[in-house]
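Report on one structure; see the data block that follows.
The values are calculated or read from the model by the stated rules, or taken from the named source; none is laboratory data. Given the structure is predicted, the values throughout are model-derived calculations rather than measurements. Cβ: placed from backbone, ideal geometry, glycine included. Neighbour counts: every protein chain shown.
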């Protein structure tokens, strides 16, 4: 018994000595991930990119999408035939004064929106209106 106890004690002592000799080092690593997200901005009317007026009033939905963190604006360009008409966006009235272009939406951040629009030609036949979106 003394012999087996001596072997056991020697083994434990040897293990303890090895544990003290081996130093554990922590590996510290850094991983950098970079990506580039393209700026994508879209605007559309449910019936297409432009609406040609053949009636006194047209209704539709204007859909905006822009992922620019700095924001965007939506403009409406209209033909001279609509100079005395109105564009109503979500209840807000824009008088078409003859300048040919108005800003109808101005956002300071990325957004997705759907807006109800009404184009009132003030009794005139013909004319067109186009919407475009510009990121900042």
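Check 76, 111 and return the single one that is modelled with pLDDT of 95 or more and surrounded by fewer than 17 Cβ atoms within 10 Å (Cβ to Cβ).
Numbers: 76 fails: surrounded by fewer than 17 Cβ atoms within 10 Å (Cβ to Cβ).
Being modelled with pLDDT of 95 or more and surrounded by fewer than 17 Cβ atoms within 10 Å (Cβ to Cβ) holds for just one of 76, 111, which is 111.
In region 72-95, which residue that is under 26 Å from the mean Cα position of the chain (by Cα) and not in a strand (DSSP E or B) is nearest to residue 135 (Cα to Cα)?
Looking at the filtered set, the residue picked out is 90.
Looking at 69, 126, 98, which one is loosely packed, with under 15 Cβ neighbours inside 10 Å, touching a residue at least 60 places away in the same chain (Cβ under 8 Å) and not in a strand (DSSP E or B)?
Going through 69, 126, 98 in turn, just one is loosely packed, with under 15 Cβ neighbours inside 10 Å, touching a residue at least 60 places away in the same chain (Cβ under 8 Å) and not in a strand (DSSP E or B): 126.
Quickly run through region 20-47 and pick out the residues that are modelled with pLDDT under 70 and exposed (fewer than 10 other Cβ atoms within 10 Å of the Cβ).
First, pick out the residues of region 20-47 that are modelled with pLDDT under 70: 20-24, 47.
Correct list: 20, 21, 22, 23, 24.
Could you list all residues from region 101-116 that are in a strand (DSSP E or B) and within 22 Å of the chain's Cα centre (by Cα)?
To start, the set of residues in region 101-116 that are in a strand (DSSP E or B) comprises 101-107, 111-116.
Passing the criteria: 103, 104, 105, 106, 107, 111, 112, 113, 114, 115, 116.
So if I check each of 53, 8, which one is modelled with pLDDT under 60 and surrounded by 11 or more Cβ atoms within 10 Å (Cβ to Cβ)?
Working: 8 fails: surrounded by 11 or more Cβ atoms within 10 Å (Cβ to Cβ).
Result: 53 is the single residue among 53, 8 that is modelled with pLDDT under 60 and surrounded by 11 or more Cβ atoms within 10 Å (Cβ to Cβ).
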